[in-house]
1. Kindly indicate the residue of the range 208-241 that is among the β-branched types (V, I, T) and out of contact with any Lys or Arg (no Cβ under 7 Å at 6 or more places or on another chain) and also surrounded by the most Cβ atoms within 10 Å (Cβ to Cβ) among those meeting that condition.
2. Taking the range 1-41 as the region of interest, how many residues are open to solvent by 50 Å² or more (accessible area, probe 1.4 Å) and β-branched (V, I, T)?
3. For a quick check of your reading: which strands (runs of 3 or more DSSP E) sit entirely within the range 318-390 and have at least 1 residues that are without any contact (Cβ under 8 Å) to a residue 24 or more places away in the chain?
4. Name the residue, out of L417, L450, that is open to solvent by less than 60 Å² (accessible area, probe 1.4 Å) and within 28 Å of G327 (Cβ to Cβ).
5. Can you tell me which residue in the range 42-60 is modelled with the lowest pLDDT, limited to those that are open to solvent by 20 Å² or more (accessible area, probe 1.4 Å) and outside any loop (DSSP other than H, G, I, E, B)?
6. Take residues that are buried (at least 21 other Cβ atoms within 10 Å of the Cβ), on the phi < 0 side of the Ramachandran plot and at pLDDT below 95 and tell me which of the strands (runs of 3 or more DSSP E) falling wholly in the range 81-133 contain 2 or more.
7. Scan the range 250-261 residue by residue and report those that are touching a strand residue (DSSP E or B) at 6+ places or on another chain (Cβ under 6 Å) and surrounded by fewer than 18 Cβ atoms within 10 Å (Cβ to Cβ).
8. If you take the residues in the range 34-92 that are hydroxyl-bearing (S, T, Y) and within 26 Å of E4 (Cα to Cα), which one is nearest to the chain's Cα centre (by Cα)?
Amino acid sequence: MRSEKLVVIGGDAAGMSAASVARRHRPDLEIIVFEQGPFTSYSACGIPYYVGGMVPDHLSLIARTPETFREKQHIRVRTGHRVTGIDPRNRRVTAINLESRRELTESYEQLLIATGSRAMDLEVPGRQAARIFPIKTLEGAVELRRTLDAGQIRRAVVVGAGYIGLEMAEAFLRRGLEVAVLEKASQVLVTLDAEMANQVAEALEGEGVRFFFEEPPVAFEMAAGAVQAVVTPNRTLPTDLVVFGMGVRPASELAAAAGIELGVQGAIRTDRRMTTGIAGIWAAGDCAESPHLLTGQPSYFPLGTVANRHGRVAGVNIAGGHAEFPGSLGTSVTKACGMEVGQTGLLESELQKMAIPYASEKISSHTRSGYYPGSDPITIKLLASLENGRLLGGQIVGGRGAGKRIDVIATALQAGLTAEQVSELDLSYAPPFSPVWDPVLIAARQLARLIG
Ligand SMILES: Cc1cc2nc3c(=O)[nH]c(=O)nc-3n(C[C@H](O)[C@H](O)[C@H](O)COP(=O)(O)OP(=O)(O)OC[C@H]3O[C@@H](n4cnc5c(N)ncnc54)[C@H](O)[C@@H]3O)c2cc1C
């Protein structure tokens, strides 16, 4: 008897974690993965450090190659193959071999859509110029690094001041370039409230980065086919290279064409088991939505953490088990030059929009005991419900050791703790790690006082 077949579209975080988990639970399953690019299971999160030269070669970012999947897990990966259509009625997909242009069809019993996301792009005059790089894929990063390694690049413009844009700005500073950042919003990192985000911008400005807010590019000028300036409504910025870090949108077109329902921001609508509502079809990762852990509302969190967790849940369910994705708080951490930044839960601006009565407290402290070498400033902002004291959000900006403190706050949010309960947590202390009262405890205590 022929074994059951799982087809996966997309060979990165979500797709390959689902395939690996399904294999662990079901050794008999036939598993075929279609991946349009040349790589599988790589850390896009490592791209800024590879481009910046901290990671010597791109191969270090690859967790598992197609050969490893084949030899160790009997998962067949067809790289260089793009799936072009899904036929849910007959349970088959069509794909094209991007090298030979040969078309093929593959039947399935179970199908996982893990097509991820696409970097936002700009349709403005001059976009076709060379040396303009959306920051998304490892192939693109290899080309960008090759361009930098060839020399002659002195200036870079980063479009978008989200975390990827800022990580790229740091990478370019590390390579000795002059860096300008253009952002259409009025602040960096719109995942933070403005007064927290402004501290990050100031730190980068201190390192020489120039910011231009509310100035999206309207055109690129080129010479000999390559970009030589970015034009905004207010100025023309000469540059040798441009990167885009304007965020992503879900790659959900294949799913939509197959009649699968889309939800928030065009991401594939899924339930907690990652089913799509069409028999045998699942979705996971950046192409799919997630429930918000606090509001319960469908939300979009294009994060590696979420993609891996989605993939694990889909893999268990595809293999016949039962797993549910509880939701996400969008917890994230990043570093831009010396500044570590963490965020979880809701922002003050979001609470205002939702008309949720809240209390807010912001404190300044130090990452270590004040006398200990390397003690850096840290600012923590906490938000809690005025009705029941439950924590609703947290943001952290500070020096080394600041960022990962967000995990304590995320844990408290997920557990439904009140500000007062957080202020009583039994956290650790030694001078190299924190003051005797950890800044998280100080912030929670002051917030609890406001709630009464
Ligand atoms: C520079 C950068 C830094 C990041 N840093 C962090 C971080 O620090 N922390 C964090 O949590 N997240 C980070 N992320 C986000 C994280 O990388 C993504 O959330 C994660 O990669 C999503 O995984 P995925 O498998 O859902 O999608 P993707 O990684 O987008 O993979 C989808 C795959 O599907 C393939 N595909 C798409 N369509 C087809 C098709 N029709 N046929 C065949 N193949 C197809 C694509 O080629 C791709 O390989 C970062 C992302 C970038 C770009």
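The values are calculated or read from the model by the stated rules, or taken from the named source; none is laboratory data. Since the structure is predicted, the reported quantities are computational estimates derived from the model, not experimental observations. Cβ: placed from backbone, ideal geometry, glycine included. Neighbour counts: every protein chain shown. To get the accessible areas, we keep the full protein, side chains included, count just its heavy atoms, and leave off ligands, DNA and RNA. Shrake-Rupley method; radii C 1.70, N 1.55, O 1.52, S 1.80 Å.
1. Residues of the range 208-241 among the β-branched types (V, I, T): 209, 218, 227, 230-232, 236, 239.
Adding the requirement that they be out of contact with any Lys or Arg (no Cβ under 7 Å at 6 or more places or on another chain) leaves 209, 218, 230-232, 236.
Numbers: V209: 23, V218: 14, V230: 26, V231: 16, T232: 18, T236: 12.
If we take residues in the range 208-241 being among the β-branched types (V, I, T) and out of contact with any Lys or Arg (no Cβ under 7 Å at 6 or more places or on another chain), then V230 is surrounded by the most Cβ atoms within 10 Å (Cβ to Cβ).
2. Qualifying residue count for the region: 0.
3. Numbers: elements: 332-336, 339-345, 358-366, 377-385.
Filter on the range 318-390 gives 358-366, 377-385.
4. On the way: L450 fails: open to solvent by less than 60 Å² (accessible area, probe 1.4 Å).
From the options L417, L450, the qualifying one is L417.
5. Let us first name the residues in the range 42-60 that are open to solvent by 20 Å² or more (accessible area, probe 1.4 Å), namely 42-45, 49, 53-60.
The next check asks that each one be outside any loop (DSSP other than H, G, I, E, B); those that pass are 42, 44-45, 49, 58-60.
Numbers: Y42: 90, A44: 93, C45: 96, Y49: 97, H58: 95, L59: 94, S60: 95.
Residue satisfying both the conditions and the ranking: Y42.
6. Details: elements: 81-87, 92-97, 103-107, 110-113, 117-119.
Ranges flagged: none.
7. A256
8. Residues of the range 34-92 hydroxyl-bearing (S, T, Y): 40-43, 49-50, 60, 65, 68, 79, 84.
In the following step, the residues that additionally are within 26 Å of E4 (Cα to Cα) were identified as 40-41, 65, 68, 79, 84.
Values: T40: 17, S41: 15, T65: 22, T68: 26, T79: 23, T84: 25 Å.
Out of the qualifying residues, it is S41.
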